[in-house]
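Heads up: the structure comes next, in structure tokens.
The values are calculated or read from the model by the stated rules, or taken from the named source; none is laboratory data. Keep in mind that what you see is a predicted model, and the values were worked out from it rather than measured. Here Cβ is always computed from backbone atoms with ideal geometry, including for glycine, and neighbour counts include all displayed protein chains. Calculation scope for accessible area: heavy atoms of the full protein, side chains included, ligands and nucleic acids excluded. Shrake-Rupley method; radii C 1.70, N 1.55, O 1.52, S 1.80 Å.
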Amino acid sequence: MSAPGGAGRPPRSLRRTHTVDDVGRVARRRTPHAVFDFVDGGADDEITMARARRALDDVVLLPDVLRDVAAVDTRAVIGGRASALPVAIGPTGYTGLLHPDGELAMARAAASAGIPYTLSTMGTRSISEVRAAVPRAAVFFQLYFWKDPARTAELIREAIDQRVDALVVTVDMAVGGSRLRDLRRGLSMPPKISLPILVDGALHPAWALGYVRRPPRFVSLAPGGSRSIAEVANLMFDPGASRASLEALRAQWPGRLIVKGVLTPRAAREAVEAGADELIVSNHGGRQLDRARAAIECLADIRDAAGPGVPVHVDSGFRSGADIAAAVGLGAGSVWLGRAPLYGLMAAGEAGVATVLRILTGQLTATMRLLGVSDLAGLAGHVELNGRGR
């Protein structure tokens with residue numbers, strides 16, 4: 001069966017949007033430049049971002065015909081939870097800066113679509129607030145290695161108390177990436193109100209009104225004033241984290257453990273040996289190390305290194321249902337979305353996120369039907385990456 005992708009009609013501003021990029025254009029119009037670039041941008045020269053998109057564009061799909069595709073089953077299992085799609089909303093920080101409903105809008109849209117939602121450590125809502133908003137949905141919590149181990153332990157205890165379904169540990173942020181768009185726009189956290197940012201906000205009154213009515217609470221930020229995003233990361237997160245750090249975290253967390261940010265077979269093997277139940281192949285959406293390899297190109301090697309029985313997911317650069325079909329056909333358990341639902345959030349809050357998920361659902365099911373495939377397992381053998389199969 002196919003997921004509904006969220007209930008209700010899309011808002012008027014999104015009724016003529018047919019792709020994630022269409023939604024992104026609406027988001028660009030409705031959001032201050034600094035805020036939109038925070039989502040849309042990447043590290044340094046954004047080569048990793050462009051490389052990820054090229055790799056996905058180069059995927060070749062191999063259709064079959066005369067196959068019964070009247071019914072298409074898109075169901076998957078992610079983090080030990082049933083999902084209506086091979087899709088999860090991944091962790092994104094400072095989400096309340098984009099829309100006053102922030103993480104709650106994302107979680108509700110995910111729950112309506114029947115897919116998991118992942119709350120970031122750097123979110124603007126607490127675990128308990130998100131869990132209260134979607135008490136029966138699949139909720140994951142993302143964690144970094146903090147310099148203060150007591151803070152790590154505190155967040156793990158809260159995740160246990162709030163019945164979080166899986167813990168997602170991000171391992172590719174030893175230091176904050178150099179995100180030049182943010183630096184050039186003067187964006188800091190919490191935002192420092194300069195004249196350019198004030199003017200930018202005034203030109204986007206709907207966003208400004210939402211910000212004034214409910215200023216985002218940056219619940220994890222250390223006190224001490226406004227800092228660049230990289231400075232925040234460098235102040236709070238531990239560049240000395242190692243395999244031993246992951247093993248120590250595994251000892252504290254009794255549930256499903258997903259490690260996000262692996263790009264090499266060695267990293268995959270070490271994460272599994274340290275206790276990871278699942279992996280996410282990720283280059284952080286091109287927001288950390290520029291010139292990194294595209295995540296989709298690393299997928300096959302990491303699946304081989306992880307071994308049977310370890311689900312391997314992927315993120316970074318995914319914008320369409322065809323992208324999702326390609327990843328699953330190449331062996332991914334699911335695709336984790338970052339920018340795509342954030343474009344929806346900036347465009348129209350919860351309804352915008354639901355619109356993005358509806359678009360992706362329609363594209364995925366159409367792609368499967370055109371390939372002659374009625375379930376996700378059938379996608380194997382229908383995809384070539386750079387002229388090669390799995």
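Go through D200, D172, D182 for me and flag whichever is in contact (Cβ under 8 Å) with a residue 12 or more places away in the chain and not in a helix (DSSP H, G or I).
Values: D200 fails: not in a helix (DSSP H, G or I); D182 fails: not in a helix (DSSP H, G or I).
After applying the criteria, what remains is D172.
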- prompt: Mind checking which pairs have a first residue in the stretch 270-291 that is closer than 19 Å to S242 by Cβ and touching a residue at least 12 places away in the same chain (Cβ under 8 Å) and a second that is hydroxyl-bearing (S, T, Y) and open to solvent by less than 10 Å² (accessible area, probe 1.4 Å), Cβ under 7 Å, 6 or more apart or different chains?
  reply: L289/T48
message: I'd like to verify a number: residues in the stretch 328-342 that are under 10 Å from the mean Cα position of the chain (by Cα) and either among the basic types (K, R) or buried (at least 24 other Cβ atoms within 10 Å of the Cβ) (or both), how many?
response: 7
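I'd like the residue in the stretch 224-237 that is open to solvent by 50 Å² or more (accessible area, probe 1.4 Å) and of a type outside the set (G, A, S) and, out of all such residues, is modelled with the lowest pLDDT. First the steps, then the outcome.
Looking only at the stretch 224-237, we keep the residues that are open to solvent by 50 Å² or more (accessible area, probe 1.4 Å), and these are 224, 226-227, 231, 234-235.
Pick out the ones that are also of a type outside the set (G, A, S) and you get 227, 231, 234-235.
Details: R227: 78, E231: 86, N234: 87, L235: 84.
This residue is R227.
Table: residues versus (1) over 21 Å from R29 (Cα atoms); (2) of a type outside the set (K, R).
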{"position": "D182", "(1), (2)": "no, yes"}
{"position": "R185", "(1), (2)": "no, no"}
{"position": "M189", "(1), (2)": "yes, yes"}
{"position": "G201", "(1), (2)": "no, yes"}
{"position": "A208", "(1), (2)": "no, yes"}
{"position": "R213", "(1), (2)": "no, no"}
{"position": "F218", "(1), (2)": "yes, yes"}
query: List pairs: first in the stretch 373-389 and within 13 Å of V60 (Cα to Cα), second modelled with pLDDT of 95 or more and surrounded by fewer than 14 Cβ atoms within 10 Å (Cβ to Cβ), Cβ under 6 Å, 6+ apart or cross-chain?
result: H382/L62; E384/V60
- request: Output the residues belonging to the stretch 238-248 that are more than 22 Å from the chain's Cα centre (by Cα) and either open to solvent by less than 10 Å² (accessible area, probe 1.4 Å) or over 20 Å from G93 (Cβ atoms) (or both).
  value: G240, S242, R243, A244, S245, E247, A248
- request: Could you check, for the stretch 91-99, whether at least one of its residues is in contact with a Lys or Arg (Cβ under 8 Å, 6 or more places away or on another chain) and farther than 21 Å from V335 by Cα?
  value: yes
- line: Within the stretch 318-327, the count of residues that are under 17 Å from A300 (Cβ atoms) and either of a type in the set (G, A, S) or open to solvent by 20 Å² or more (accessible area, probe 1.4 Å) (or both) comes to 3
message: Can you say whether A366 is at pLDDT 95 or above, in contact with a Phe, Trp or Tyr (Cβ under 8 Å, 6 or more places away or on another chain) and not aromatic (F, W, Y), as far as the supplied structure shows?
response: no
- request: Taking V168 as meeting all but one of (1) open to solvent by 20 Å² or more (accessible area, probe 1.4 Å); (2) touching a Phe, Trp or Tyr at 6+ places or on another chain (Cβ under 8 Å); (3) of a type outside the set (K, R), write down the number of the exception.
  value: (1)
